[in-house]
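The values are calculated or read from the model by the stated rules, or taken from the named source; none is laboratory data. All values derive from a computational prediction rather than experimental measurement. Ideal geometry is used to build each Cβ from the backbone, glycine not excepted, and the neighbour counts take in all protein chains shown.
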Amino acid sequence: MGWVVFGFGTAFALGTALWGGLARRLGLGPSLAAGVVMVAGGSLLAAVAPSLPWLIAARIIQGLGAGAIPTLSTAAIARRFEGAARARALGAVIAAVGLGMALGPLLGGIALELVGWPGPMAFGLVAAPAAILLARTDRDRDPTARIDLVGAALVSAAVVATTFSLNRLPVLGLVPLTVGALVVLAVTLPLLAQRARTSGAFVPRRIVADPAFTQIVALGAVGMSAFLGSVVLVPIAAARAHGLGGLGLGLLILPMAIVAATVSFNNARAQARLGRRTTTIVSLAALAVGALTTGLLGAAAPPAITAVALIPIGIGFGLLQAPLVNELTAAFDDADRPVAVGLYNLLFFIGGAAGAAIATALIQAGVELPIFVGRAVPGFSTTEVLLAVGPALAATILVRRGGFRRTAVIAE
């Protein structure tokens, strides 16, 4: 069941980086349209899936298509707006994501109760008409632009091996499958580092070795790991501890999602008042507090209490992405910005997939700290506490450092 969630997340992460290169050849609008078509097609395949492997494969198609949206929409906004207007535009996009979060759990729960699991899987079909409009916008392209397919393949192999290892090692230990994944990782990472020095590399060294890029990516990844790990883990634990069905789980997540949507809509105002750095610190602190509180309460806490405990996680998610992306777009020029944003989104959502992978693995293995032994759902409290550690440390480091790192010029 975990792969239904983070199989999408891993493919989504890969797509965020792949679409940046494709957009140079096809144009921003047509590339966005193609991504939407993949989302709709994957949704249809998921809704009629006759088996779990088919469903996972359909979700991967959905994820690859959906990866076009954050990367290319951000690039389109950066092309049109500057300064405060850019912050407002990015906030509007993230608010739309928040609105989807607010509606998704409730509508998904209702659809699950009415027509079963294919109902929520089919929701992506409603995006299909947008492809017609998007295909007619931002059609400037460079047919000669080269895409580093070898680099893309190496990144794909490394991402899949990482996610698989994080999810299966705690459960299976060192067996042929997990050892094979570790070997793939050990081979691909040095090859990627070597290829990053070449011209036109899928992962350019001048970007990934930039101090500003590495710091922004680290902050986003640890925040997203706490968010997605909790979003995946809490419904699993609530279903086990309280026997909640689809509608009940949707209502459990709904307050957090509504708060995330509201905060996202006001993100630009928060940045204007607090600044990007302080907004990021508040975001990370809220994510840490929400995950820690949820873990300490445990899965047996009344669902209404758990729903309230999740609200800081919604605040953290609503504040997280916009200041980091705004900082990133300011750090790179027009030539490097789409690639930098694409790679940022890749690593941001890999952080989320990693959090979900680790969370589902630990709850499956029932790993529990001694102080939590005997609780209703073994592994839940320990995993939530661990998910809180990353954003707490990141917020502390950002406070002590006093600001974001500046971009450095890296020779190819």
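If the requirement is being within 23 Å of ALA152 (Cβ to Cβ) and buried (at least 20 other Cβ atoms within 10 Å of the Cβ), which of these qualifies: ALA102, ALA78, ALA111? Write out each step before concluding.
Details: ALA102 fails: within 23 Å of ALA152 (Cβ to Cβ); ALA111 fails: within 23 Å of ALA152 (Cβ to Cβ).
The unique qualifying residue is ALA78.
Going through segment 54-81 one residue at a time, which ones are more than 22 Å from the chain's Cα centre (by Cα) and either among the small types (Gly, Ala, Ser) or over 23 Å from SER31 (Cβ atoms) (or both)? Quick ask: steps written out before the conclusion?
In the first step, residues of segment 54-81 are kept if they are more than 22 Å from the chain's Cα centre (by Cα); the result is 54, 79-81.
Within segment 54-81, just TRP54 meets the criteria.
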- Here are some residues: ALA357, ALA353. Which one is touching a Lys or Arg at 6+ places or on another chain (Cβ under 9 Å), more than 15 Å from GLY298 (Cβ to Cβ) and buried (at least 24 other Cβ atoms within 10 Å of the Cβ)? ALA357
- Which pairs do you get when a residue that is on the phi > 0 side of the Ramachandran plot, found in segment 343-367, comes within reach of a residue that is hydrophobic (A, V, I, L, M, F, W, C) and outside any helix (DSSP H, G or I), reach meaning Cβ atoms under 9 angstrom, with the pair 6+ apart or on two chains? GLY366/VAL377
- Residue identified as in contact with a Leu (Cβ under 8 Å, 6 or more places away or on another chain), of a type in the set (Gly, Ala, Ser) and farther than 25 Å from ILE397 by Cβ among GLY229, GLY220, GLY245, GLY200: GLY245
- Query: From the list LEU324, LEU292, LEU310, LEU297, which residue is modelled with pLDDT of 85 or more and touching a Phe, Trp or Tyr at 6+ places or on another chain (Cβ under 8 Å)?
  - Reply: LEU324
- Query: Would you call ILE216 in contact (Cβ under 8 Å) with a residue 40 or more places away in the chain, touching a helix residue (DSSP H, G or I) at 6+ places or on another chain (Cβ under 9 Å) and over 28 Å from ALA286 (Cα atoms)?
  - Reply: no
- Out of segment 194-207, which residues are in a helix (DSSP H, G or I), surrounded by 13 or more Cβ atoms within 10 Å (Cβ to Cβ) and of a type outside the set (Val, Ile, Thr)? ARG195, ARG205, ARG206
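Looking at segment 271-284, which of its residues are of a type in the set (A, V, I, L, M) and either modelled with pLDDT of 95 or more or within 30 Å of ARG206 (Cβ to Cβ) (or both)? Break it down stepwise before answering.
Filtering segment 271-284 for residues of a type in the set (A, V, I, L, M) gives 272, 274, 281-282, 284.
If the condition is that a residue be of a type in the set (A, V, I, L, M) and either modelled with pLDDT of 95 or more or within 30 Å of ARG206 (Cβ to Cβ) (or both), then ILE281, LEU284 are the ones that fit.
For segment 332-381, enumerate the residues that are within 21 Å of SER73 (Cα to Cα) and not in a helix (DSSP H, G or I).
Of everything in segment 332-381, those that are within 21 Å of SER73 (Cα to Cα) and not in a helix (DSSP H, G or I) turn out to be PHE332, ASP333, ASP334, ALA335, ASP336.
When you go through ALA152, ALA130, ALA158, ALA181 one by one, which is the residue that is assigned to a helix (DSSP H, G or I), modelled with pLDDT of 80 or more, surrounded by fewer than 19 Cβ atoms within 10 Å (Cβ to Cβ) and hydrophobic (A, V, I, L, M, F, W, C)? Explain how you work it out, then say what you get.
On the way: ALA152 fails: modelled with pLDDT of 80 or more; ALA158 fails: surrounded by fewer than 19 Cβ atoms within 10 Å (Cβ to Cβ); ALA181 fails: surrounded by fewer than 19 Cβ atoms within 10 Å (Cβ to Cβ).
Only one candidate passes the filter, namely ALA130.
For (1) surrounded by 23 or more Cβ atoms within 10 Å (Cβ to Cβ); (2) over 30 Å from ILE216 (Cα atoms); (3) under 20 Å from the mean Cα position of the chain (by Cα), each residue gets a yes or a no:
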position	(1), (2), (3)
GLY229	yes, no, yes
ILE236	no, yes, yes
ILE253	yes, no, yes
GLY275	no, no, no
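Residue by residue, here is whether (1) crowded, with 24+ Cβ neighbours inside 10 Å; (2) of a type in the set (Lys, Arg); (3) touching a helix residue (DSSP H, G or I) at 6+ places or on another chain (Cβ under 6 Å); (4) under 19 Å from VAL341 (Cβ atoms) holds:
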{"site": "PHE8", "(1), (2), (3), (4)": "yes, no, yes, no"}
{"site": "GLY20", "(1), (2), (3), (4)": "yes, no, yes, yes"}
{"site": "PRO30", "(1), (2), (3), (4)": "no, no, no, yes"}
{"site": "GLY35", "(1), (2), (3), (4)": "yes, no, yes, yes"}
{"site": "TRP54", "(1), (2), (3), (4)": "no, no, no, no"}
